[in-house]
Structures are given as C-alpha cells and as structure tokens.
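Worksheet: one structure, shown below.
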Amino acid sequence: MPLVNLSVLLRAAEEGGYAIGGFNIQNLEMLQAVARAAAEEGSPVVLQFNPANIRYIGMEYAAALGLVAARLARVPVAVHLDHGADFAQAAAAVRAGFTSLMYDGTPFPLDQNIAVTQRVCELAHAVGVAVEGELGQMGGVEEGVFVAEGLGTMTDPDEAVRYAAETGVDALAVAVGNQHGTSVERLDMERLSAIRAAVGLPIVIHGGSGLPDEVIREAVQRGVRKFNVATQLNQGFLEGFLRVAHERPGETNPRAPLEAGRDGVVAAVRAKMRVFGSSGRA
Ligand code: 13P
C-alpha cells in the first residue's frame, strides 16, 4: 500500500539511519517529477504542499494530485501539509485526504503554539494522520510561510521537551541555524544533538536546499529523519523551462518547456535523495 502516514516513513528511516525528503509541489510537472525521481531511486517520499502552494493549486486539487501519485507509485508516499497555518487548514487537509500535517505555530507565544498543536494532534491522530510540529523561529525567505527577522531564534532543548510532551507530535522541526530559501554553511550540531537526545523524536530540518551535502550527512547521523526541499525544485524547474522557452521563441505549445522543467526537477530530487540516504530504501 504506497499511501502511508508520515510516521511509517519516519519509523523506517529511524531503523535504517537515513532521512526522507519532503518536496514542495507547485504544479503537476513537479509532482510527476518527484514521483518519477522516487521511482528511479527506489526511495520513499513525502509530497508536500505549503499554504502558498495550496493557494495556487487548491486544497482539493493538491490532495487529489498527491493521492493519485501515491496510488500509481510502487514506493511508499506520504501526502503532507507543510506549514499549516491554523486548525481550520489542518482540518481541511485531513478531510481532503492528506496523511500527514505540519502545524506551524512558531509566530505565536509558546503556550498558544502548544495549545493549537495539541488540538491538531488530537484531530489528526483520531483518523491515523501524523503531525509534525515546529519550535524556534527560522529566518530566510519562503512565500506564504512565517519567517523571523535576521537569523531567527534557535530551538531551546528544554522548551522542546515540554512542547513534545504536551502536544504529542510525531516529529519535531527545529531551528538550529537552518534558513528557508538561502544557503547556510553549517548548523549548530551540538544543539541539534541536545534536542534530539532530550525529545527522542525524529527531527525535521526545513531549508534543505541551501545546506552542503556533508552538513546534511552529519545531521542525519545526529537524528534528522526528514529534510524539506523547495527552492532547488523551483530552480530545477525554471532552468529547464526557461532554457527551452528561449531556444524556441516562436513555439506555440507550452509542452516542450514544461517537459524540460519537469526533467530539471527529477535531477534535483534524485541528487537530494542520494544525500539523504533514502535511495534504495523503498
Ligand atoms: P528551501 O526552499 O530552503 O529548500 O526550504 C524548503 C522548506 O523548508 C519547506 O518547508
């Protein structure tokens, strides 16, 4: 059964000592590209949609796209809401068929973040859907997602213990120097290990595009089980699309540039899966 709850993927990643990729989908071509990359790499995969992706695609279309990809796949697939904005959006995603949710309460005070995450977990767990929570505030750039000023605020291990115990989340996204949409040379590895040891949950790192491969490998060794990747997919798509669009100025059919965009995403996703160690794990 290829459509799975995120926890199933995280448990296998925990046992195998690797991480899975959560890849942000903007259109049909990106979805097909991520599904093809997963098939070619024999890798489990998370197809994910953030609020900006959902504003563009529509919640029902997003779920339908993800669920069809899962049905056609031979590898395990989770369909995930990335950076869910509030309880209502989480509920809408559950109703639409998502198998995994992230609720992002990082713009709010800790008590409020905990209270809403708790409600999201209750709803999701009642119907077999997994929840990723987040603590700390990341900086950088991501459309439709809260980002803090400057470098943001790193996750505090003691707060993480309280957050994990009171909410019941299945995975914890952390801020340890990672940034959305920009390159980062290193992470605070000591803090990452301290959080992991304190909460014992699979750790998620957002901002996977700009991290050097050796930093990703070390983070996996320290307990990161999911990386989110968006910018590299956008770049791969646009590079291919624009190259072909410019090569054929008189073209009246968009299919050739769309195909080139799709191929660009396949290459980016396959490379990332190898670094995460998820290739051959399906
Ligand atoms: P990047 O765009 O830096 O890969 O970050 C994506 C992300 O974290 C989505 O939640």
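Derivation of every value follows stated rules applied to the coordinates shown; laboratory data play no part. Everything numeric here is computed off the predicted structure, so don't read it as measured data. Here Cβ is always computed from backbone atoms with ideal geometry, including for glycine, and neighbour counts include all displayed protein chains.
Quick look at the numbers
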quantity: Karplus-derived 3J(HN,Hα), 6.51/-1.76/1.60, for each residue of the range 85-90, Hz, glycine and proline x; calculated: 7, 7, 4, 4, 5, 4
quantity: 14 Å tail of the calculated P(r), the range 174-253, as % of Cα pairs; calculated: 65
quantity: Helix-only mean residue ellipticity at 222 nm for the chain, each DSSP H run of n ≥ 4 adding -39500 (n - 2.57), per residue, nearest 500; calculated: -16000 deg cm²/dmol
quantity: Residue-wise HN-Hα coupling along the range 119-131, computed from phi with Karplus coefficients 6.51, -1.76, 1.60 (Hz; x: Gly, Pro); calculated: 5, 5, 5, 4, 4, 5, 5, 4, 10, x, 10, 8, 10
quantity: Cα→Cβ-extended label distance, 7 Å offset, between L28 and R255, nm; calculated: 1.1
quantity: Total formal charge among the other residues, if their Cβ is under 12 angstrom from that of E142, Lys/Arg +1 and Asp/Glu -1; calculated: -3
quantity: Alpha-carbon spread of the range 80-202, three principal axes, descending order, Å; calculated: 39, 31, 23
quantity: Projected-area mean, the chain, by convex hull of Cα positions, square nanometres; calculated: 13.7
quantity: Packing-based order for 135-143, 123-131, 17-25, using average beta carbon neighbours within 10 Å, highest first; calculated: 17-25, 135-143, 123-131
quantity: The range 262-279 residues near the modelled V68 label - backbone nitrogen below 19 Å, point 7 Å along Cα→Cβ; calculated: 262-263, 266
quantity: Label point at V161 placed 7 Å out along Cα→Cβ; residues across the range 109-126 whose backbone nitrogen lies under 15 Å; calculated: none
quantity: Cβ-Cβ FRET estimate between E15 and A267, R0 fixed at 22 Å, reported to 0.05; calculated: 0.15
quantity: Rounded to the nearest 20 debye, dipole of the chain from Cβ charges on Lys, Arg, Asp, Glu; calculated: 880
quantity: Given charges at beta-carbon only (K, R positive; D, E negative), |dipole| of the range 130-196 in Debye; calculated: 160
quantity: Inter-probe distance in nm under a simple model that places probes 7 Å from Cα toward Cβ, at A126 and L242; calculated: 4.7
quantity: Percent breakdown of C-alpha pair distances by 5 Å bin, ordered from the shortest bin, for the range 1-97; calculated: 2, 14, 26, 25, 18, 10, 3, 0
